[in-house]
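**Student:** Have a look at the structure that comes next, please.
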Amino acid sequence: MSTARDLFIIAMGSGHEPSVGQGDLSLALAGAELIDLLGDGHVTVDADRVVPGAGSVLDDRLLGEASDGIVRTTPYEGVEDWLWRRGKNLSATYQSALEAEGELTRKRGGRLTLGARRVEPVDTAARHSAVDRWERREPVLVALASAVGIGDGDGDGDGDGDGDGTLIGDGDDTSTTDEPSDIEPVLDDEAATAVVAAVHDAIMELEAVRQRRTIENSAFANLWRGP
């Protein structure tokens with residue numbers, strides 16, 4: 001299982017409040033993919049640029065798509081630009097893929113929603129692997145989860161939860177996650193640390209856009225309401 005798949009499973013099983021926005025999760029998933037591509041030698045990060053490499057053949061379809069989408073002409077692509085481009089609707093992409101692979105099942109109730117559908121992780125080997133990685137406090141997974149407000153570095157949200165899952169919004173609502181905490185635990189890889197930091201920055205930028213939109217909508221409503 002890739003880091004992005006593990007992150008998606010943990011996000012659904014964390015039972016974390018408040019909700020995890022789809023936009024936030026999509027950016028974190030893109031960061032997870034990039035870190036896996038770094039580990040496989042498909043890319044390196046040089047001066048905040050994603051430089052293509054020549055890694056081994058990938059057996060994960062979505063990670064393969066991410067690799068195929070790497071910009072291979074100079075001056076290459078910035079890490080944050082990658083996150084925004086690759087991250088567009090990526091949460092929905094992972095839900096569809098995991099559902100098709102039998103890793104997710106439809107759910108009648110609870111808090112987990114993505115669009116109009118409710119799903120929850122199936123008790124599979126992949127889910128157990130993701131939970132084991134989370135319980136071992138694997139630094140990359142913990143850092144990316146913290147970026148979207150899951151766990152907050154305190155060990156809560158073990159991926160099992162109470163079966164209710166996590167509410168995942170549409171990415172354009174005004175719901176917010178907790179302010180991202182410092183990257184915990186500290187990563188021992190400079191490139192991976194740079195990617196996680198870029199994920200934090202992108203999520204904060206997305207939250208700023210949400211807040212600005214809320215203020216603008218409120219001002220427009222007051223204008224029509226009159227004195």
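FYI, it's all coordinate maths here, none of it is from the lab. These numbers come from a predicted model, not from an experiment. Here Cβ is always computed from backbone atoms with ideal geometry, including for glycine, and neighbour counts include all displayed protein chains.
**Student:** Quick one: which residues, 5+ away or cross-chain, put their amide H under 5 Å from the amide H of residue 44? H built at 1.01 Å from N.
**Tutor:** Amide H neighbours of residue 44: 51, 53.
**Student:** Report the label-to-label distance for residue 51 and residue 209 in nanometres (one decimal), using points 7 Å from each Cα along the Cα→Cβ vector.
**Tutor:** 3.0 nm
**Student:** Residue by residue through region 129-145, what is 3J(HN,Hα) from phi via Karplus (6.51 cos²θ - 1.76 cosθ + 1.60, θ = phi - 60°)? Round to whole Hz and write x for glycine and proline.
**Tutor:** 5, 5, 5, 4, 5, 5, 5, 7, 6, 4, x, 5, 5, 5, 5, 5, 5
**Student:** Another one. Pulled fully out, how much extra length does the chain show between residue 136 and residue 65, if you take 0.36 nm times their separation in residues and subtract their Cα-Cα distance?
**Tutor:** 22.7 nm
**Student:** Taking neighbour counts of Cβ atoms within 10 Å as a proxy for exposure, in what order, fewest first, do 38, 90 appear?
**Tutor:** 38, 90
**Student:** How do 44, 74, 3 rank when sorted from fewest to most other Cβ atoms within 10 Å of their own Cβ?
**Tutor:** Fewest-to-most Cβ neighbours within 10 Å comes out as 74, 44, 3.
**Student:** Only counting other Cβ atoms within 10 Å, I'd like 56, 2 sorted with the fewest neighbours first.
**Tutor:** Fewest-to-most ranking of 56, 2: 56, 2.
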